[in-house]
Structures are given as structure tokens and as C-alpha cells.
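Below: the structure, in C-alpha cells.
The values are calculated or read from the model by the stated rules, or taken from the named source; none is laboratory data. What you are looking at is a predicted structure, and each value in this text was computed from that prediction instead of being measured. With ideal geometry, Cβ positions are generated from the backbone for all residues, glycine too; neighbour counts draw on all protein chains shown. What goes into the accessible areas is simple: the full protein's heavy atoms, side chains included, and nothing from ligands, DNA or RNA. Shrake-Rupley method; radii C 1.70, N 1.55, O 1.52, S 1.80 Å.
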Amino acid sequence: MCGIVGYIGQQDSKEILLKGLEKLEYRGYDSAGIAVMNNEGIHVFKEKGRIATLRDAVNQDVAANAGIGHTRWATHGVPSKVNAHPHQSNSSRFTLVHNGVIENYSILKNEFLQGVELKSDTDTEIIVQVIDKFVSEGLEVEEAFRKTLALLKGSYAIALLDELNKETIYVAKNKSPLLVGLGENFNVVASDAMAMLQVTDQYVELMDKEMVIVTEESVTIKTLDGNVVERAPYTAELDASDIEKGTYPHYMLKEIDEQPLVMRKIIQKYQDENGKLTIDQDILQSFDEADRVYIIAAGTSYHAGLVGKQFIEKMANIPVEVHVASEFSYNMPLLSAKPLFIFISQSGETADSRAVLVQVKELGYKALTITNVQGSTLSREADFTLLLHAGPEIAVASTKAYTAQLAVLAILAAVTAESRGIELDFDLVKELGIVANGMEVLCDAKEEMEEIAREYLSTTRNCFFIGRAVDFYVGLEGSLKLKEISYIQAEGFAGGELKHGTIALIENGTPVIALATQEHVNLGIRGNVKEVAARGANPCIISMKGLETEEDRYVLPLVHEALTPLVSVIPLQLISYYAALHRDCDVDKPRNLAKSVTVE
Ligand code: AGP
């Protein structure tokens, strides 16, 4: 996902912009740039590669108190200096950065830019050239900006500089995230509050198809038909320490370690003054009216949804379907008469998931978003939100957000069950507390986990994760963790499914990580382990206390059988981390990946 920053105020903007981009590095990018504006004009610095490379290219002699910056995750046009943002119009009057995808960029190019020489292969450059064209035909810059925005189809978060209006940054948003931050004698623009927390914690949400005129003294929000919109600022919940690594070598390891704390925070946040777990009544009402729940998500959040299905069906007795967002969007199944939709998204900005939310709302159905980001698109556009309270998750590989999603889903299922008169045979508050303690034990077993990674994953080119029932779902998550940060070809399988084809891939020494936490399928999965071992595999059994045998590689601390995924995933997170470390991979920023994928 691209990142955008902007600053206009009394201070020099260069360092503020560069620091802001550094805070957005976690989102994933392949090039970066800034443009700063002073009396001489607009100075653009942009480079392929890391922000450190950009920093070296910035001319520190240029003083400028207004500017914009961008980290690019290539969609149209390869990663290169010429395709990096900011992009300038041929007149050099306008300079622009953009996050999103303009679906009709080639139509606009043919209609408005015949004969105009384009410097890049990007959809973004079309925007700034069209603005320039409309101004050259006599429109004022604000009118030209508005007219161009009205023509764009697709997603955009835009910041624009006009060298003839040095006291202004022009901003616009549609589907891609963008905020305006408020300060004393300055204002800022950011893709998320994290980038500009260095200067302010006061932010104003922007809605789709809004444009903003930002000066150092004022922020004027307008709809595309020119009406001024008043909106109160909110205080970003983050604090600076949340977004620092501290003594950790990687954000991912810090975030794995934060899971026990997050568990305890969630228990506390979802308890009422009597210590009873509680959920917004409107959400319970919607569950009551529904005849089927549809969980929509991507990646790790999808894997959380698979476990969430178990929770809701087994505790609240409501049928649940779980769908990959990008599939559901274009291949919607036959829906039940009274569906309720749950969107799970750490970032709250995943375009695939958001596209389904738009469809669901158009069909008039209710939607609940479970997310880690207050004020995110998926949160704002749903009817209800349940927050993860996990604190910012910076590493691309999701860890604490996954277990937080599971905890919130368990609470949602338990409270819904109670509201439907279903008595659970366990106290979830107590059991989640035991889970938090079990997580602590696992986070303290790093040496053991590093040893397992070394033993099974040092040289292998592939790895299989097998499990039955909910262990299958956790195995899918384990395989995603391993492949996305170590680049080992990992796959998760239902244990009973291996013999229907995949077992052909088992060779001498192939690592097969097997989860055995569910008593009713324990013998089954151990039989699958024997099948692969008989064909040369190197099995690594991770079992739950009480089910262990002497052949198991690691025994998990005992937690309620319904909640085992909240602990069984932690060894998989840690061995993936160490496997990536041993291979000198970029653990926090794996190749080709972004923290939040805001393009479909
Ligand atoms: C998980 O480790 C990945 N970073 C990725 O699969 C992620 O879970 C997916 O892109 C969904 O993101 P979201 O939860 O922010 O919607």
C-alpha cells in the first residue's frame, strides 16, 4: 500500500516529511519521494528503493515550509525513479502524489491528453496532467482539481501542490485512506495518523469524494459539488512508543511478545463494570435477526474467520460461512434470507474486503467490522465496529492482530450465545486469562522455537502444515506466516486430505508440522503423521498438554479446548520468524508484500 504525507506550516518541511515516510515504511513500498515548495518553486526528490536512499538525494540547502511525500507500492508501472511519486505536470506548475488505482486512466489520457508527452507509465501522472490542462484552458486551480476528481473512476488519496498557490496543499480522497492533522500554525496530511504523530495527535477523518483546502492556518473540507463540510477532529489513540521497536530487533518479534498483554487488554475492554463480557446491544440484535452469518476477509484475517466460524457455530448455534473477500466480490454465493456480514480486517483498509462491504450495503444488509484501526474505511462504512485494541501492528506479517481477532470473535460468540439463552460450559473471561498465561509461557520459549526452526527449516525448500478440525485452520495460518517472511514454499492441509494427492510431494526429510490439540481427532492426525513419516517426511508434532506422547516435539500449555488456536499459533509465528532470520530475509518488510493491500 502506498503512503502519503504532507506538511504546511512554520517549520522546514523536509525532515518532517522524511520522518513521516519512515513511519509508513511498514506498509511496504518500492520507491519514495518528496516535493517541497518555496519562493523559488517546487523541488522534487525521488528515488527507487528505500527512504534512506531518498534521504541521501534530498538537497538539504533547500528550505521550504510546505511539501508532500509518498512511498510507492507499484501497481501501474514498474518500480523506478521515473515512476516514483511525486509526479509533475509538464508545465512544472503542479506536483502530485496519489495512493490508489485510477481505473479509467487510459480513457482520460485519450480524451484529454492527446499530444501531451507523458514521462511515466503510471495512472497517477494522468491526474496531474489533466489538472494542468484544465487550468491552461482557463479554470481556477480549485475548479480544475474538482473537475478532474469528478472524472476519476477508482480509488485515490491525493495531495497536490500548485507553485502559484504556495500557501496551500490541495487534498482529495475516495476509497483510499487519508487524514488531515491539525496543529498550531501548521497542518498535515497523512495516510494514517502514525506518520504524523511526531507533530500532532489531532486528526480529521475524510470521507469518500471529499476535497480539502489545507493552509497552515485552516482546513476547509468540501464535497465535490462544492459544499463546505464541518467535521470535528479526534485524538489518535496511538502513542509514540507504540510505533517504536524499542529493544526489539524486529517489529514482528515485539508484536508476538505483545500478545499476552493484548489478550488481557481485550478482556478488560469488553468487560462491563461488573466484570461481565458485553457487546453493543445493536450488534446482538442483528445477530438475533440473522439466520446466517457471512464472514468476509483476506489473508490472516480470513484464517481468523475460519476459527471464528467454529466459535459462533459451536457457542451461539448460528450457521456461518467464511469467504475470501476477493472471491466473494465476483462470485457471490446464494445468500440466506436474513444474512449478517462480519468483515475482519486488521487495517480496516483492505480493498478486496471493502469492495464486498460496498456490495453488501447496496443490498441493504447489516455489517459488522472487526478491526484494529479506529476510523478506518471498513469501520466507518459498516453499521457496527468491534475494535481489537491490539495497538499498531507494524510488521507485515500479522501476529497479535490474529490472536486479537480470535479473542474478539470468541467474546462475540459467547455474548451472543448468552443473549440467545445458551449456557456455555466454561467461563470465557477465566479461560482467556489462562490463554494469556499460556501465551507468556510460549513467548518465553524462544530458544526452543529457534531450535525447531533450525532443525526443520534451515535448508528445506518446502514445508507442510497439517491438522484436523480447528488445527487445520491454524495450520493454514502457520503456512502463510512461514511463506510470507521466509519465502519457503509452505502449504497448510487438512490432515485427512494429504493422501488424496499432496502426499505425492513428500520426500525424504520433507518437514511436516502437525498440530494435535483436539481430542476428538487426535488419533486421526497422528495416523496422518505416520502416513507421511512412512514416506520419508520429517514430522514435527505440536500437541496440547493432556494429549501428548513421547514422539511430540513441543507440548503446548493447557488451555480450554475451544481456545487452543490462540496458543497453538504462537509456536508457528516464532518458528517462521526464526526461519526467516536464518535466511537473512527482511522479516518486517518481506519482498512484494504490503501491510495493507488497498488495491484490488
Ligand atoms: C498476513 O500476515 C498478511 N499481512 C496478509 O495476509 C493480511 O492478513 C491480509 O492482507 C489482510 O489484511 P487486513 O487484515 O488488514 O484486512
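Starting from residues that are of a type outside the set (Gly, Ala, Ser) and closer than 17 Å to Glu561 by Cβ, keep the ones in segment 430-441 and report whichever is surrounded by the fewest Cβ atoms within 10 Å (Cβ to Cβ). Before you say what the answer is, go through the steps one by one.
Of all residues in segment 430-441, those of a type outside the set (Gly, Ala, Ser) come to 430-432, 434-435, 437, 439-441.
Add one more test, that the residue is closer than 17 Å to Glu561 by Cβ, and what stays is 430-432, 434-435, 437, 439.
On the way: Lys430: 11, Glu431: 19, Leu432: 24, Ile434: 17, Val435: 28, Asn437: 14, Met439: 27.
That would be Lys430.
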Exercise for the section: Test Glu423 against the stated conditions and say whether it is open to solvent by 10 Å² or more (accessible area, probe 1.4 Å) and farther than 30 Å from Lys589 by Cβ. Expected result: yes
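Evaluate the following for Lys166: is it basic (Lys, Arg) and open to solvent by less than 10 Å² (accessible area, probe 1.4 Å)?
Details: basic (Lys, Arg): yes; open to solvent by less than 10 Å² (accessible area, probe 1.4 Å): no.
No; evaluated as a whole, the condition is false for this residue.
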Practice task
Evaluate segment 376-396: report whether one residue or more is more than 11 Å from the ligand (Cβ to nearest atom), surrounded by fewer than 24 Cβ atoms within 10 Å (Cβ to Cβ), more than 16 Å from the chain's Cα centre (by Cα) and at pLDDT below 95.
Solution key: yes
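When you scan segment 399-409, do you find a residue that is open to solvent by 10 Å² or more (accessible area, probe 1.4 Å), part of a loop (DSSP other than H, G, I, E, B) and out of contact with any Leu (no Cβ under 8 Å at 6 or more places or on another chain), even just one? Break it down stepwise before answering.
Residues of segment 399-409 open to solvent by 10 Å² or more (accessible area, probe 1.4 Å): none.
There is no residue in segment 399-409 that is open to solvent by 10 Å² or more (accessible area, probe 1.4 Å), part of a loop (DSSP other than H, G, I, E, B) and out of contact with any Leu (no Cβ under 8 Å at 6 or more places or on another chain).
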Practice task
Report yes if some residue within segment 19-30 is touching a helix residue (DSSP H, G or I) at 6+ places or on another chain (Cβ under 7 Å), open to solvent by less than 10 Å² (accessible area, probe 1.4 Å) and assigned to a helix (DSSP H, G or I); otherwise report no.
Solution key: yes
Exercise for the section: Tell me, please, whether a residue that is closer than 22 Å to Ile485 by Cβ, buried (at least 20 other Cβ atoms within 10 Å of the Cβ) and within 16 Å of the ligand (Cβ to nearest atom) can be found in segment 578-585. Expected result: yes
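Only one of these is under 26 Å from the mean Cα position of the chain (by Cα) and more than 27 Å from Glu167 (Cα to Cα): His76, His70. Name it.
None of the others qualify; the one that does is His76.
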Fill in the blank from the handout: Apart from one, (1) in contact (Cβ under 8 Å) with a residue 60 or more places away in the chain; (2) surrounded by 15 or more Cβ atoms within 10 Å (Cβ to Cβ); (3) in contact with a Leu (Cβ under 9 Å, 6 or more places away or on another chain) all hold for Gln271; the odd one out is (2)
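Just checking, which of Ile296, Ile266 is touching a His at 6+ places or on another chain (Cβ under 8 Å), of a type outside the set (Gly, Ala, Ser) and under 16 Å from Leu432 (Cβ atoms)?
Working: Ile296 fails: under 16 Å from Leu432 (Cβ atoms).
Every option except Ile266 fails the conditions.
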Problem - Subset tally (residues that are more than 16 Å from the ligand (Cβ to nearest atom) and either farther than 17 Å from Leu556 by Cα or open to solvent by 40 Å² or more (accessible area, probe 1.4 Å) (or both)) for segment 462-499 - result: 14
Handout entry: Residue count, segment 104-135 (criterion: out of contact with any strand residue (DSSP E or B) (no Cβ under 6 Å at 6 or more places or on another chain), assigned to a helix (DSSP H, G or I) and polar (S, T, N, Q))
Key = 3
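Return the only residue of Glu313, Glu327 being open to solvent by 50 Å² or more (accessible area, probe 1.4 Å), of a type outside the set (Ser, Thr, Tyr) and within 16 Å of the ligand (Cβ to nearest atom).
Details: Glu313 fails: within 16 Å of the ligand (Cβ to nearest atom).
Answer to the check: Glu327.
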Exercise for the section: For segment 93-103, enumerate the residues that are at pLDDT 95 or above and in a loop (DSSP other than H, G, I, E, B). Expected result: Arg93
Problem - Those residues of segment 33-53 which are modelled with pLDDT under 95 and among the aliphatic types (A, V, I, L, M), in sequence order - result: Ile51, Ala52
Handout entry: Complete set of residues in segment 527-546 that are touching an Asp or Glu at 6+ places or on another chain (Cβ under 9 Å), open to solvent by 20 Å² or more (accessible area, probe 1.4 Å) and under 30 Å from Pro557 (Cβ atoms)
Key = Asn538, Pro539, Gly546
Problem - Ser136 being open to solvent by 10 Å² or more (accessible area, probe 1.4 Å), of a type outside the set (D, E, K, R) and within 21 Å of Asp208 (Cα to Cα) - result: no
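If a residue has to be part of a helix (DSSP H, G or I), within 7 Å of the ligand (Cβ to nearest atom) and touching a residue at least 60 places away in the same chain (Cβ under 8 Å) to count, how many in segment 342-364 make the cut? Walk me through it before giving the result.
So in segment 342-364, the residues part of a helix (DSSP H, G or I) come out as 351-362.
Retained after the next criterion (residues that are within 7 Å of the ligand (Cβ to nearest atom)): 353.
Checking which are touching a residue at least 60 places away in the same chain (Cβ under 8 Å) leaves us with none.
Number of matching residues: 0.
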Handout entry: Condition check for Val320: within 16 Å of the ligand (Cβ to nearest atom), buried (at least 16 other Cβ atoms within 10 Å of the Cβ), at negative phi and of a type in the set (A, V, I, L, M, F, W, C)
Key = no
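Among the residues of segment 50-59, is any assigned to a strand (DSSP E or B) and open to solvent by less than 40 Å² (accessible area, probe 1.4 Å)? Please lay out each step first, then the result.
Within segment 50-59, the first condition is being assigned to a strand (DSSP E or B), and the residues that meet it are none.
Checked against the condition, which is being assigned to a strand (DSSP E or B) and open to solvent by less than 40 Å² (accessible area, probe 1.4 Å), segment 50-59 yields no hits at all.
I'd like the residue in segment 500-518 that is without any contact (Cβ under 8 Å) to a residue 40 or more places away in the chain and of a type outside the set (S, T, N, Q) and, out of all such residues, is most open to solvent (accessible area, probe 1.4 Å). Before the answer, list the steps.
Going residue by residue through segment 500-518, those that are without any contact (Cβ under 8 Å) to a residue 40 or more places away in the chain are 500-504, 507-508.
Add one more test, that the residue is of a type outside the set (S, T, N, Q), and what stays is 500-501, 503-504, 507.
Values: His500: 129, Gly501: 43, Ile503: 29, Ala504: 85, Glu507: 95 Å².
Out of the qualifying residues, it is His500.
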Problem - Count of segment 139-153 residues which are open to solvent by less than 10 Å² (accessible area, probe 1.4 Å) and of a type outside the set (A, V, I, L, M, F, W, C) - result: 1
Exercise for the section: Find all pairs meeting these conditions: Cβ atoms under 6 angstrom apart; at least six residues apart or on different chains; first residue within segment 424-438 and under 24 Å from Asn317 (Cβ atoms) and at pLDDT 95 or above; second residue of a type outside the set (D, E, K, R) and not in a helix (DSSP H, G or I). Expected result: Phe426/His560; Glu431/His560; Val435/Val559
